[in-house]
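Structure, as structure tokens:
Nothing in this text is a laboratory measurement; each read-out follows from the coordinates by a stated rule. Keep in mind that this is a model prediction, so the values were computed, not measured. So basically every Cβ, Gly included, is an ideal-geometry build from the backbone, and we count neighbours across all protein chains shown.
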Amino acid sequence: MPTRIEGNAPPDGRVLWADVAKGACIVLVVLWHVVVKDYLRVDWRVGLPVPGAWGLLGEQLLPLRMPLFFALSGIFAANAVARPWRVAGRPRIARNLYLYAIWLLIHTALLAPAPDFPTDRATDSAELLAQLTVTPSNLWYLYALALYFVIAKALRWIHPAVLLTAAGALSAVAATGLLDSPGNRGQVYQNLVFFLAGVHLRPYLTRWADGANTRRLVGTGFAYAIGLAAMAPAGAQRWPGVYLLVSVIAVAFGLTAAARLAR
């Protein structure tokens, strides 16, 4: 995903706030997997609820990391969405599907001798076929990047307001757990709206980042914290639209924080 757009760019054409935001997303994804698959299972022997603290930290970052990642992906896919299929299809679709398939096979083979390792893996050919097609594995983000691009390009003729409303409704319903979402299918449902927002709202999002200031950073950070605090005690993340709203605020905060840090 190249980080080249107009505005706030150094002479080489790269956009520093986008590089910072992508780097933060990578760190947050690694942190989440380390926490879930390692730190929560460690006996810290200190008489304090350390695993609980790690788990709490990871949960507070969930509305930020993947929505921000896909919003950025959409921003940098916007030009490709406007190009002909034969020009844009291979790098944006085939490459991600190829990487997904290759890494899924490697993932499945390497984890076969470790059945107790806490992660999803295919145990037979039927499960592997499902992960390759309709129920993506933990590598679902590669699958989603290809799928989202196809959707964005195929539905370009639909007015952005209609498209984003429909994708937002899908995300809100998926967050309630009402949809059948085995594996990581629920994540695919929930994050489409952020990719489409990146594609269709790119000028607004880049202007938002370019105009980031300390007041906006404090305001969005405070709003994000309030949203998390209000959502957690009542389990409101399962209420239609609540998790989506908190994720939107988190993306606004993430873009602002990345822009301020880049400066």
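Hey, among the residues in the stretch 178-189 that are of a type outside the set (A, V, I, L, M, F, W, C) and without any contact (Cβ under 8 Å) to a residue 24 or more places away in the chain, which one's farthest from Phe70 (Cα to Cα)? Full working, then the answer.
As a first pass, look at the stretch 178-189 and keep what is of a type outside the set (A, V, I, L, M, F, W, C): 180-187, 189.
Then drop every residue that is not without any contact (Cβ under 8 Å) to a residue 24 or more places away in the chain, which leaves 180-181, 186, 189.
Values: Asp180: 22, Ser181: 19, Gly186: 15, Tyr189: 12 Å.
For the stretch 178-189, the residue satisfying everything is Asp180.
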Test set (1) closer than 28 Å to Phe253 by Cα; (2) under 20 Å from the mean Cα position of the chain (by Cα); (3) surrounded by fewer than 18 Cβ atoms within 10 Å (Cβ to Cβ) - Val188 fails condition number: (3)
Matching entry among Ala175, Ala262, Ala212, Ala230 (being more than 19 Å from the chain's Cα centre (by Cα), of a type in the set (Gly, Ala, Ser) and more than 30 Å from Ala82 (Cβ to Cβ)): Ala230
I need a count of the residues in the stretch 67-118 that are more than 25 Å from Ala167 (Cβ to Cβ) and either acidic (Asp, Glu) or under 17 Å from the mean Cα position of the chain (by Cα) (or both). 1
Does the stretch 253-260 include one or more residues that are over 15 Å from Val15 (Cβ atoms), in contact with a Ser or Thr (Cβ under 6 Å, 6 or more places away or on another chain) and buried (at least 17 other Cβ atoms within 10 Å of the Cβ)? yes
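Quick grid of which residues meet (1) surrounded by fewer than 15 Cβ atoms within 10 Å (Cβ to Cβ); (2) within 18 Å of Leu62 (Cβ to Cβ):
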| position | (1), (2) |
| --- | --- |
| Tyr148 | no, no |
| Thr165 | yes, no |
| Leu178 | yes, no |
| Val193 | no, yes |
| Pro203 | yes, no |
| Arg216 | no, no |
| Phe222 | yes, no |
Breaking point among (1) aromatic (Phe, Trp, Tyr); (2) touching a residue at least 60 places away in the same chain (Cβ under 8 Å); (3) under 20 Å from Phe149 (Cβ atoms), for Tyr224: (3)
